[in-house]
Amino acid sequence: MKKIIFATGNEGKMREIREILSDLDAEVLSMKEAGVEADIVENGKTFEENAQIKAKTVCALTGEIVLADDSGLEIDYLNGEPGVYSARYMGDAPYSEKNAELVRRLEGVPDGQRTARFVCAVAAAFPDGRVKTVRAAMEGRIGYEEKGKNGFGYDPIFFLPEYGCTSAELSMEEKNKISHRGKALRAIREELK
Ligand code: IMP
């Protein structure tokens, strides 16, 4: 059976990728399960570059097919911030503070200019040197306060106009159907068949 390693330490992401790739005849392993320890510096300027850096590094270490993702929140009014720095924005501050600060930076900004998107790039690195990369997004707006307890990170301030709620008010199944990561993982799945 083909082995595929997903270069993440995040259990939630592992559950999602296993579910999405469940009909491929492949064993999907986390880095830990594959016995890989690597401290990878994500110094790319784009989501694609960061995903490729992670996938290529772990592929070179293992000789297996490796998937890696990189994601973040782009806010148009803030010229795309926090973007590739989403995980590092405001350092170790809790997300309640990061979210409050982003809402504060958009104070007085009308709905039409609060547009934002979650972006996810997924790269697949193959032992023969090929690298395939896909990107997907989930469009929305920055809300006025945190709402909802599901999800993580910036979900409580990410308002989805078509649903009339934030992505933190969707169930995990509902979010996976429309999310940047769900869409990108389903797209990369086509490259693995
Ligand atoms: P990474 O892709 O694991 O490096 O994470 C990027 C960062 O983007 C996360 O730490 C969150 O701050 C943010 N992010 C990415 N996807 C989501 C999401 O679905 N909901 C909320 N925040 C997200």
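The values are calculated or read from the model by the stated rules, or taken from the named source; none is laboratory data. This is a predicted model, so every value here is computed, not measured. Neighbour counts run over all protein chains shown; Cβ positions are idealised from the backbone, glycine included. For accessibility, only protein heavy atoms count, side chains too; no ligands or nucleic acids. Shrake-Rupley method; radii C 1.70, N 1.55, O 1.52, S 1.80 Å.
How many of the residues making up the stretch 72-99 are open to solvent by 60 Å² or more (accessible area, probe 1.4 Å) and in a helix (DSSP H, G or I)?
Residues flagged as open to solvent by 60 Å² or more (accessible area, probe 1.4 Å) and in a helix (DSSP H, G or I) within the stretch 72-99 amount to 6.
Just checking, how many residues over the stretch 48-71 are out of contact with any Gly (no Cβ under 9 Å at 6 or more places or on another chain) and open to solvent by less than 10 Å² (accessible area, probe 1.4 Å)?
6
Scan the stretch 184-193 for residues that are open to solvent by less than 60 Å² (accessible area, probe 1.4 Å) and either more than 11 Å from the ligand (Cβ to nearest atom) or more than 17 Å from the chain's Cα centre (by Cα) (or both) and jot them down. Walk me through it before giving the result.
Taking the stretch 184-193 first, the residues open to solvent by less than 60 Å² (accessible area, probe 1.4 Å) are 184-185, 187-189, 192.
Correct list: Leu185, Ala187, Ile188, Arg189, Leu192.
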